[in-house]
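Data block below; observations after.
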Amino acid sequence: MFIKFTNILVISIIFSTFSLKCTASELKGPLDDEGDEINSKQQQSKSYQRKSSEPIDETDSNEDDKKSPTSDTINYKDFLPEDFSFSSSAIKIIKAPDLSQDKEGKKVHEMLNDLLASHGKLIEKIENELVEIEENYPVNEEEPKELTVEELQAELIYTEAMTILNKTRSDKMQAYKLMLEAANKGHRLAKAHVAWSQLLGNPVEINIQSAKQIFTELAESGLPEAQMGLGFMYATGIGFNVSQAKALVYYTMAALGENTWAQMALGYRYWAGVGVPNSCETALDYYRKVATKVASEVTFSGGAAVHRIRLLDEIENSGPSSGILDNDLIDYYQLLADKGDVQAQVGLGQLHYQGGRGIPLDHRKALLYFSQAANAGNAVAMAFLGKIYLEGSENIKADNETAFKFFKKAADLGNPVGQSGLGIMYLHGKGVQKDTAKALKYFSQAADQGWVDGQLQLGNMYFSGIGVKRDFKLANKYFNLASQSGHVLAFYNLGQMHAVGLGMMRSCPTAVELFKNVAERGKWSEKLMISHQDYRSYRFEEAFMQYILMSELGYEVAQSNAAFLLDRSEINLFKNRQEDLVRALQYWGRAASQGYSSAQVKLGDYHYYGLGTNVDYETAASHYRMASEQQHNAQAMFNLGYMHEQGLGMKKDIHLAKRCYDLAAETSADAKVPVTLALLKLQILFKLESLKESPFRIIFQLDENIALNWDLYLITILTILLGAIIYFRRPPQAIGDEQGQQGQAQAHVQ
């Protein structure tokens, strides 16, 4: 390491000194017009001259350089060995040609050739000196350490555990046991996996102190996974007091070690300005690295679908809108499929092929249902069978011939999925001779029918100029169309184009948002569904730990869900309720900054009621206003109306209050009932205001306590009136029966 640093230092000394002497003004001579004075050329050429035996002085005698506040004098000898001396390797500067004696008038390129030749000799001499230095100071390179028998066993056990975890349907408990066995044999990565399992509570119970101890030990040895773990713990205050500075340090070290989670965490922090100044370019660098990894692992099927469920929305909109299919509904579809319902077979096949909505990815079941539907002549099922056989899976061997057969049948029936599949096979020459013309034809047919894969592949062909003339504008058009259907590679390609400005104006913010979208579709996003399953199983703290990890990586859904759990007092990891509310406020704020309107309303509520912060009506009103204007949130509009009505944080204005109430009713049907009651109350207020100018104004001069609680008295009076109306509006027969019963009772008494 020392020799490499010395080499770089010597080169930088030589060229920095030489560049001080060779300024632009010194090369002006050959570019001047013929009428320039020869004396100026002579004066310029003097700066090139130096005696060959004269050593280079790092502190130039130029007085202007000495006075410059930006020039620093560096003693490079402090960085070199004691027995190293510049005097033994003084550098000679070749005398520049005297332009005043150049009677033949050399052309510019000839003079530059002479300078390059002299520079070549100088560089050759420097290289010889560096070789001599390396011989005098050899680098002691450590040979690769041979693994012991126990270390080899640990590596094999770790590899087996990773194989289990990478399966579509993995046995996490079995993998954890193998990781624990490898960790006990000293395997560092296995130790890190065990620590993460203990910290997140999946698949074992939460053990924060054990995870803290393991991460601290491994971080000292420079393991990026452990540095990421410590950064997460410092950022969230789990096991340590919160320290965003230490979190940033550990995240940065882990990111330098190519830890994907750390790169995502830093990308989000620089994008949102969490603990660091906003820097779009820095966020772009981190997110691009993660997005490139994710895009390289995208399969033909697009990978497992990740269903993002917001717990707040699920509580407020319980039922089918939550997105998770009920077990009874799945059983009903299976019953229909077993009875031969083709649409049910295709639907179940697609669910198992993509996963999501509470159904795990299972290509074997997908193959079963698609085969049943294909035998009935369904073109969609044929096309998806082609996709399964083209790509293959853990339990299904890839077969290009079978894939081509199913794609051809589907394409002949006009199915765009089949057409796109044929295009893929012709484009890459899978089982057929490579033919870009046919690929373009099939992709165009599929794209014309709106199929996302056809649009994506057409974009790729125009972007790379495969079989067509390269056209970035057309590539942008097809990538945009594919991105509307949510294809991850379309987002990635658009991100690349926006990052460098291909076919469009460069836009760093747009590129960051696109790359962030891609990065959030990595394999680790399955933790969102695992967290939701833990929540439904009443394992609230385990769900919370995984949500706050995903929150650090920038997932808005995880941020709102972590805040939701803290808001409902379902977490017992912190000291008291006030600390829960402070953290909830932070997570609501992060979710709101990413466009979640309900989180914006929650921020308003927290400032209105003083939860986790001081009561601040003006700030509450500003959050309600943002939610109502930017995201058209009916709850925010209603709350703004109430604040206008009461004059809280703003000037009291009944007319604006009515306007806000009306907008809330127009925005959401659910708001109509509370808006009706609020408008009724406003009508009463109008009447009361008019009474103040009438002879009955003496009513408003009553005791102050009565005046302050007038609404309670009004409700009491209205309740009494309502009871009297109900009593007197009873049917006559019921009244007669009651009187008869009373008469009989009196007779019986007598």
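The values are calculated or read from the model by the stated rules, or taken from the named source; none is laboratory data. Remember, it's a predicted structure, so these values are computed and weren't measured experimentally. We place every Cβ from the backbone using ideal geometry, glycine too, and count neighbours over all the protein chains shown. These accessible areas exclude ligands, DNA and RNA; they are computed on the full protein's heavy atoms, side chains included. Shrake-Rupley method; radii C 1.70, N 1.55, O 1.52, S 1.80 Å.
Is there a residue being among the charged types (D, E, K, R) and either in a helix (DSSP H, G or I) or within 30 Å of Gly377 (Cβ to Cβ) (or both) anywhere in the range 469-485?
From the range 469-485, those among the charged types (D, E, K, R) are 469-471, 473, 477; that's our starting set.
If we keep only those that are either in a helix (DSSP H, G or I) or within 30 Å of Gly377 (Cβ to Cβ) (or both) too, we end up with 473, 477.
Yes, some residue in the range 469-485 is among the charged types (D, E, K, R) and either in a helix (DSSP H, G or I) or within 30 Å of Gly377 (Cβ to Cβ) (or both).
Please go through the range 564-578 and give me each residue that is under 20 Å from Ala620 (Cα atoms) and open to solvent by 30 Å² or more (accessible area, probe 1.4 Å), ordered by number.
Listed by number, the residues that qualify are Asp567, Gln578.
For the range 619-637, what are the residues that are open to solvent by less than 50 Å² (accessible area, probe 1.4 Å) and closer than 12 Å to Gly604 by Cα?
Hits for the range 619-637 are Thr619, Ala620, Ala621, Ser622, His623, Tyr624, Ala627, Ser628, Ala636, Met637.
Take the residues in the range 305-334 that are assigned to a helix (DSSP H, G or I) and at pLDDT 90 or above; name whichever of them is farthest from Leu368 (Cα to Cα).
Per the stated criteria, the residue is Leu312.
Looking at Lys438, is it basic (Lys, Arg), assigned by the TED database to the domain that holds Ala381 and assigned to a loop (DSSP other than H, G, I, E, B)?
On the way: basic (Lys, Arg): yes; assigned by the TED database to the domain that holds Ala381: yes; assigned to a loop (DSSP other than H, G, I, E, B): no.
Here the answer is no, as Lys438 does not meet what is asked.
One residue is enough: does the range 418-427 have a residue meeting the conditions aliphatic (A, V, I, L, M) and within 23 Å of the chain's Cα centre (by Cα)? Walk me through it before giving the result.
Residues of the range 418-427 that are aliphatic (A, V, I, L, M), as a first pass: 422, 424-425, 427.
Of the ones still in play, those that are also within 23 Å of the chain's Cα centre (by Cα) are none.
Scanning the range 418-427, I find no residue that is aliphatic (A, V, I, L, M) and within 23 Å of the chain's Cα centre (by Cα), so the answer is no.
For the range 385-399, give me each residue that is open to solvent by 40 Å² or more (accessible area, probe 1.4 Å) and in a loop (DSSP other than H, G, I, E, B). Talk me through it step by step, then tell me what you get.
Initially, the range 385-399 is screened for residues open to solvent by 40 Å² or more (accessible area, probe 1.4 Å), giving 389, 391, 393-395, 397-399.
Within the range 385-399, Ser393, Glu394, Asn395, Lys397, Ala398, Asp399 qualify.
Can you tell me which residue within the range 256-288, out of those that are in contact with a helix residue (DSSP H, G or I) (Cβ under 6 Å, 6 or more places away or on another chain) and in a loop (DSSP other than H, G, I, E, B), is farthest from His193 (Cα to Cα)?
Ranking the qualifying residues of the range 256-288, first place goes to Ser279.
Looking at this structure, is Gln433 under 24 Å from Gly414 (Cα atoms), outside any helix (DSSP H, G or I) and either in contact (Cβ under 8 Å) with a residue 24 or more places away in the chain or not β-branched (Val, Ile, Thr) (or both)?
yes
Give the number of residues within the range 557-573 that are in a helix (DSSP H, G or I) and not acidic (Asp, Glu).
Count: 10.
Would you pick out the residues in the range 405-416 that are open to solvent by 10 Å² or more (accessible area, probe 1.4 Å) and either in a helix (DSSP H, G or I) or under 20 Å from Phe479 (Cα atoms) (or both)?
Lys405, Phe406, Lys408, Lys409, Ala411, Asp412, Pro416 - these are the residues of the range 405-416 that are open to solvent by 10 Å² or more (accessible area, probe 1.4 Å) and either in a helix (DSSP H, G or I) or under 20 Å from Phe479 (Cα atoms) (or both).
Would you pick out the residues in the range 535-556 that are in a helix (DSSP H, G or I), in contact (Cβ under 8 Å) with a residue 12 or more places away in the chain and open to solvent by 10 Å² or more (accessible area, probe 1.4 Å)?
Result: Tyr535, Phe540, Glu541, Glu542, Glu556.
Anything in the range 224-261 that is aliphatic (A, V, I, L, M), crowded, with 22+ Cβ neighbours inside 10 Å and more than 19 Å from the chain's Cα centre (by Cα)? List them, or say none.
Once the filter is applied, which keeps residues that are aliphatic (A, V, I, L, M), crowded, with 22+ Cβ neighbours inside 10 Å and more than 19 Å from the chain's Cα centre (by Cα), the range 224-261 yields Ala226, Leu230, Met233.
For the range 456-472, check the following and say yes or no: at least one residue is open to solvent by 50 Å² or more (accessible area, probe 1.4 Å), of a type in the set (A, V, I, L, M) and without any contact (Cβ under 8 Å) to a residue 12 or more places away in the chain.
Checking the range 456-472: not a single residue is open to solvent by 50 Å² or more (accessible area, probe 1.4 Å), of a type in the set (A, V, I, L, M) and without any contact (Cβ under 8 Å) to a residue 12 or more places away in the chain.
Being of a type outside the set (A, V, I, L, M, F, W, C) and farther than 20 Å from Leu385 by Cβ is the filter here, so list the residues in the range 399-450 that pass it.
Gly429, Gln433, Lys434, Asp435, Thr436, Lys438, Lys441, Ser444, Asp448, Gly450
Consider Ala291 carefully, then state whether it is touching a Lys or Arg at 6+ places or on another chain (Cβ under 9 Å), surrounded by 15 or more Cβ atoms within 10 Å (Cβ to Cβ) and not in a loop (DSSP other than H, G, I, E, B).
Numbers: touching a Lys or Arg at 6+ places or on another chain (Cβ under 9 Å): yes; surrounded by 15 or more Cβ atoms within 10 Å (Cβ to Cβ): yes; not in a loop (DSSP other than H, G, I, E, B): yes.
Spelling it out, Ala291 is indeed touching a Lys or Arg at 6+ places or on another chain (Cβ under 9 Å), surrounded by 15 or more Cβ atoms within 10 Å (Cβ to Cβ) and not in a loop (DSSP other than H, G, I, E, B).
If you go through the range 203-210 one residue at a time, do you hit one that is out of contact with any helix residue (DSSP H, G or I) (no Cβ under 8 Å at 6 or more places or on another chain) and in contact (Cβ under 8 Å) with a residue 60 or more places away in the chain?
no
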